[in-house]
Amino acid sequence: MIERILLPLDGSELSDRAIPIVSAIAKGERAQVLLVRAVPGEPAHDAEVAAAGQHLEARRKALATAGVETKTRIVRGEAAASVLEAAASFDPSLIVLATHGQTGEKRWIRGSVAERILERSRFPLLLTNPFALAGARKFEKILVPLDGSSDAASVLPLVEDVARLFDAEVTLFHGFEVPEGDAAAEARRLLEHHRRSLSGVKAKIATASGPVAASILDLVEREKVDLLALTTHGRSGTSRWLYGSVADIVLHHAPVCMLVKRTAIG
């Protein structure tokens, strides 16, 4: 169950595009929302603090009008570290983070602030590509790559919540570089087991042979997937995540929103 949602904003119109989907999730789950804005810590930036407060308050009022319980918080310091500090005290069920925001040094894109939060967060993240959202307030098709491990499957309860909320169809996927022996049949059996475990959710399974990352990205395009959900597990970067370099490729090249749950931080 999604009870608390943390939404960092950077003041840009692009990061604000995550608000409609946050509103939809919060209303459906009756979740509380915390809007966070990070600003530099020097006193010389007090004018920026005031502007940030006005921006957050305007968004809070809009969400409150929609029936969403919302609070705001301004944090001082480096953006990624400040957001993670706010998350530690708020204990969110989900952090919703725009992957593209302001231009220049303050942009929030994969490889910058969003990347650092993704690497360090112990909370699930919904990475919203504002160019993919285009005002959308729901997800219709969710793709979940699974590698056969219990770690990978640990994202499924969260997927189930989101799918039920939006009445979305879920596709459970396993890819093979080169299928060997009974591996393909065993993968389909496990996928079918997970499909049946999804309560009240429309779900199907899919497998493919060949480069796994390419298979995932191809399925995203072919099935018109609008949310890609995957579990990552690793230490300090992307090289040891699910499928090794596969998650790295998918996270940086998938053109859709992504629901990401990490299973190891360190």
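The values are calculated or read from the model by the stated rules, or taken from the named source; none is laboratory data. Keep in mind it's a predicted model, so treat the numbers as computed, not measured. Counting neighbours? That spans all protein chains shown, and the Cβs are built from the backbone with ideal geometry, glycine included.
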Query raised in the report: Conditions: (1) under 17 Å from the mean Cα position of the chain (by Cα); (2) at pLDDT below 90; (3) closer than 19 Å to Ile142 by Cβ. Tyr243 meets all but one. Number of the miss?
Result: (1)
Report summary line: Pairing a residue in the range 167-188 that is on the phi < 0 side of the Ramachandran plot with any residue that is in a helix (DSSP H, G or I) and at pLDDT below 85, where Cβ atoms lie under 9 Å and the two sit 6 or more apart in sequence or on different chains, gives His174/Ala184; Gly175/Val246; Phe176/Ala183; Phe176/Ala184
Query raised in the report: Being at pLDDT 90 or above, acidic (Asp, Glu) and part of a loop (DSSP other than H, G, I, E, B), is that true of even one residue in the range 222-229?
Result: yes
Report task. Sort through Glu160, Glu115 and tell me the only one that's closer than 19 Å to Met258 by Cβ and at pLDDT below 85. Result -> Glu115
